[in-house]
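The values are calculated or read from the model by the stated rules, or taken from the named source; none is laboratory data. Since this is a predicted model, take the numbers as computed values, not measurements. When we count neighbours, we look across all protein chains shown, and the Cβ atoms used for this are built from the backbone with ideal geometry, even at glycine. To get the accessible areas, we keep the full protein, side chains included, count just its heavy atoms, and leave off ligands, DNA and RNA. Shrake-Rupley method; radii C 1.70, N 1.55, O 1.52, S 1.80 Å.
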Amino acid sequence: MSSDSLEPKGPGLSLTRPGLSPDVFDQKDEGLSPTDTGLSPELPPPAAPKAYSHGVCPQFEEGDNVIMSGGFSRGFRLIVPDGPVGAPVVFMYHGHYGTPEGMLNSFSGQWVADTLGAIVVAPGSCCFTNQACCDSLGNWNFPPLSDHAADLVFFDDLLTCIGEQFDPDLSRVYAVGVSAGGLWGSYVIMHRSQYLAAAAIFSGGTGFANICSKPDYPLPVLLVRCGETDLCTTRPYALDFHDMMTSFSFKLQGEGHFVVECNHGQGHKVPPGSPQWAAQFLFPHAWGDWSSPYETGLPPIFPDYCDMP
């Protein structure tokens with residue numbers, strides 16, 4: 001699995017000029033505002049963030065940052081909108097031997113921050129900075145197969161320290177992941193549902209190292225599948241993302257999660273336009289509601305290969 005195949009950079013997508021129209025969330029067209037969830041203000045709060053694993057949180061800056069987390073030096077890239085107080089937070093997880101920058105390019109992180117007003121954080125895997133916690137099997141750590149739970153601690157530390165510095169809306173924390181990052185995003189859904197309002201997974205799922213586990217809380221999940229040819233055979237093991245996503249979807253539906261599936265059938269890649277409709281899926285949801293405005297149907301921005309199973 002090369003980083004190019006995991007993080008295709010669609011035409012017009014770059015860190016500084018995503019090439020996406022700012023009117024994709026125009027209320028006249030879509031009926032949804034990027035800042036107004038339309039949900040009850042009396043929702044229960046998510047769990048309180050955990051204590052930072054290294055004492056006092058450092059101060060983060062726009063761009064590349066390094067933080068000590070769980071005994072390791074971890075890199076990530078941060079994009080902060082104007083007026084971050086009360087902003088949603090979006091975690092974007094890169095693919096196998098990818099980079100935070102590549103992930104932000106693929107999913108138009110700058111546009112998400114500038115147009116939708118979200119704090120965007122793109123963590124780097126342990127392999128990105130050649131740390132001892134690097135898991136060569138998947139780039140991200142999947143206990144109990146891995147000896148380290150470093151990436152769960154990393155999620156906790158980033159959420160805690162971003163929360164302390166910027167005072168975002170912690171009821172609107174979202175995760176997006178692709179390929180190896182999709183596997184990791186699936187793991188975060190299963191093990192950090194006390195924080196997530198919704199998630200979008202591109203070629204992830206459960207199986208192999210990513211053992212299925214029931215999340216403590218239900219949440220809406222967008223699962224973007226790539227058809228039966230979504231396979232990884234470039235390493236000593238083989239991953240069938242089609243089967244893994246099918247299994248994950250079946251489990252989530254059986255446990256009461258709201259699921260939307262998009263199967264573009266084009267193989268292991270991110271389809272054009274994904275940042276728009278993935279964000280459209282995520283942002284109306286807040287932690288503690290667990291229903292969805294899309295239960296009666298999807299708006300026109302979604303491609304015709306998206307549906308509710």
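Here are some notes:
Residue-by-condition table, conditions (1) within 9 Å of the chain's Cα centre (by Cα); (2) surrounded by fewer than 24 Cβ atoms within 10 Å (Cβ to Cβ); (3) in contact (Cβ under 8 Å) with a residue 12 or more places away in the chain:
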| position | (1), (2), (3) |
| --- | --- |
| Gln165 | no, yes, yes |
| Val173 | no, no, yes |
| Gly177 | yes, no, yes |
| Leu183 | no, no, yes |
| Ser193 | no, yes, yes |
| Ala200 | yes, no, yes |
| Gly204 | no, no, yes |
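- Within the span defined as the range 53-64, one or more residues are open to solvent by 30 Å² or more (accessible area, probe 1.4 Å), modelled with pLDDT of 90 or more and outside any loop (DSSP other than H, G, I, E, B).
- Taken over the range 72-106, residues that are open to solvent by 50 Å² or more (accessible area, probe 1.4 Å) and not hydroxyl-bearing (Ser, Thr, Tyr) amount to 4.
- None of Cys212, Cys226 is modelled with pLDDT under 90 and touching a His at 6+ places or on another chain (Cβ under 6 Å) except Cys226.
- The range 124-133: number of residues that are part of a loop (DSSP other than H, G, I, E, B) and surrounded by 20 or more Cβ atoms within 10 Å (Cβ to Cβ): 3
- Among residues that are modelled with pLDDT under 95 and either under 20 Å from Tyr187 (Cα atoms) or of a type outside the set (A, V, I, L, M) (or both), Pro284 is not included.
- Within the range 144-184, being at pLDDT 95 or above and closer than 19 Å to Gly98 by Cα holds for Phe154, Phe155, Ala175, Val176.
- The range 213-240 residues that are more than 30 Å from Gly288 (Cβ to Cβ) and among the polar types (S, T, N, Q), paired with ones that are at pLDDT below 60 and loosely packed, with under 12 Cβ neighbours inside 10 Å (beta carbon under 9 Å, 6 or more apart): Thr234/Ser2
- Within the range 251-270, the set of residues being assigned to a loop (DSSP other than H, G, I, E, B) and buried (at least 18 other Cβ atoms within 10 Å of the Cβ) comprises His257, Phe258, His264, His268, Lys269, Val270.
- The range 106-122 residues that are over 11 Å from Pro275 (Cα atoms), paired with ones that are of a type in the set (D, E, K, R) (beta carbon under 7 Å, 6 or more apart): Ala122/Arg77
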